[in-house]
Amino acid sequence: MNARVYVTLKRGVLDPQGKAVARSLGALGFGEVEDVRLGKLIELRLEGKDPAAAKARLEEMCKRLLANTVIEDYRIEIG
Amino acid sequence: MRFGIVVFPGSNCDHDAYHVARHVLGQDAVFLWHKDRDLQRSDAIILPGGFSYGDYLRCGAIARLSPIMEEVVAFANKGGPVLGICNGFQILTEVGLLPGALMRNRSLKFICEPARLRVERSQALFTRKYQAGELIRLPVAHAEGAYFIDREGLARLEGEGRIVVRYVDERGEASPEGNPNGAVSNIAGICSERGNVVGMMPHPERASEAVLGGVDGRRIFEALS
């Protein structure tokens, strides 16, 4: 089973990298870009066939290591 | 007294801290390998600066899982003095001994310069040899040093006297101009509720001898003697 975890800075936490990328896109003529948030994509390959059980384990992984929930949110996708 | 200095793969200020403890202060000092579980009867623990585990995932996120950290947490919870400098501060927040997190500098640049600081009135054990409000200079050297905490957490730190040092401008004010990295409320260092655990981004071990340009950091290490 494959899973993807997206880790991004929480709304309300300033993302200086995102701001710099947004400014650069603007400088390249992509004036429609209003905001950019950068994050991490973590790809995992897991044993087992039960997506619900995997989701619960991935939640645990996010809370304990993959994300720092003081400043980051995470989103899990399976399959 | 004996300082125990934890060495992670990628620590690079461990020898500086050892040098200050041993040769500047004339105290006993030992290195503690991150895979060990023995604090070797240390009276105080230093988590030094550097790039433990290459800053993989997040600064300090992997280091806090090292076997020695379980012992450091137990030591801290019993009231043992623990000082985290730079990467050490990042590790202390990741392991949960201190609240908040360290984020990318607002400028996105690695900052390496002397910083003006004000020692705040706090519970912190390691700054007890400074006057409250004393202005000092210590070097900073980091890319991820912008302290972040939510509004509630900040109010709690302020109410409990846990903000240890703040970045200030030439007038000694904690102004936006005096803030090198975008830290919330100009915070450069904080402590635990009991004051025995202190984390700070500036490097007192690089300012403990006149030959290196200043001695403003030395009293941090002298706090326990």
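The values are calculated or read from the model by the stated rules, or taken from the named source; none is laboratory data. What you are looking at is a predicted structure, and each value in this text was computed from that prediction instead of being measured. So basically every Cβ, Gly included, is an ideal-geometry build from the backbone, and we count neighbours across all protein chains shown.
The table below lists the values:
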read-out: Subset of the range B:53-68 (residues that are under 19 Å from the mean Cα position of the chain (by Cα), away from chain A (no Cβ under 14 Å) and at pLDDT 95 or above); value: B:Ile68
read-out: Members of the range B:14-67 that are of a type in the set (Val, Ile, Thr) and surrounded by fewer than 23 Cβ atoms within 10 Å (Cβ to Cβ); value: B:Val24, B:Val30, B:Ile62
read-out: Every residue from the range B:116-132 that is within 17 Å of B:Glu158 (Cα to Cα), charged (D, E, K, R) and not in a loop (DSSP other than H, G, I, E, B); value: B:Arg118
read-out: Pick from the range B:172-225, criterion in contact (Cβ under 8 Å) with a residue 12 or more places away in the chain, of a type in the set (Asp, Glu) and in a loop (DSSP other than H, G, I, E, B), ranking: nearest to B:Ile45 (Cα to Cα); value: B:Glu193
read-out: Scan of the range B:109-134 for residues that are surrounded by fewer than 15 Cβ atoms within 10 Å (Cβ to Cβ), within 14 Å of chain A (Cβ to nearest Cβ) and of a type in the set (A, V, I, L, M, F, W, C), ordered by number; value: B:Phe110
read-out: Subset of the range B:73-108 (residues that are in contact (Cβ under 8 Å) with a residue 24 or more places away in the chain, of a type in the set (A, V, I, L, M), away from chain A (no Cβ under 14 Å) and in a helix (DSSP H, G or I)); value: B:Val73, B:Ala76
read-out: Search result, residues across the range B:9-66 that are over 27 Å from A:Leu9 (Cα atoms) and among the polar types (S, T, N, Q); value: B:Asn12, B:Gln27, B:Gln40, B:Ser42
read-out: Any hit, the range A:33-41, residues being closer than 29 Å to B:Gly145 by Cβ and within 12 Å of another protein chain (Cβ to nearest Cβ); value: yes
read-out: Test result for B:Leu157, in a helix (DSSP H, G or I) and touching a residue at least 24 places away in the same chain (Cβ under 8 Å); value: yes
read-out: Qualifying residue in the range A:16-28 (condition: more than 12 Å from chain B (Cβ to nearest Cβ) and surrounded by fewer than 11 Cβ atoms within 10 Å (Cβ to Cβ)); value: yes
read-out: Of all residues making up the range B:16-36, the number that are under 19 Å from the mean Cα position of the chain (by Cα) and part of a loop (DSSP other than H, G, I, E, B); value: 2
read-out: From B:Glu173, B:Glu152, B:Glu144, B:Glu160, residue being within 14 Å of chain A (Cβ to nearest Cβ), over 24 Å from B:Asn87 (Cα atoms) and at pLDDT 95 or above; value: B:Glu152
read-out: Residue check for A:Gly48: farther than 25 Å from B:Met103 by Cβ, exposed (fewer than 10 other Cβ atoms within 10 Å of the Cβ) and at pLDDT 95 or above; value: no
read-out: Single residue of B:Ala101, B:Ala76, B:Ala17, B:Ala44 found to be hydrophobic (A, V, I, L, M, F, W, C) and more than 20 Å from B:Pro204 (Cβ to Cβ); value: B:Ala101
read-out: Restricting the range A:62-79 to residues that are within 13 Å of chain B (Cβ to nearest Cβ), aliphatic (A, V, I, L, M) and in contact (Cβ under 8 Å) with a residue 60 or more places away in the chain, the residue that is surrounded by the fewest Cβ atoms within 10 Å (Cβ to Cβ); value: A:Leu66
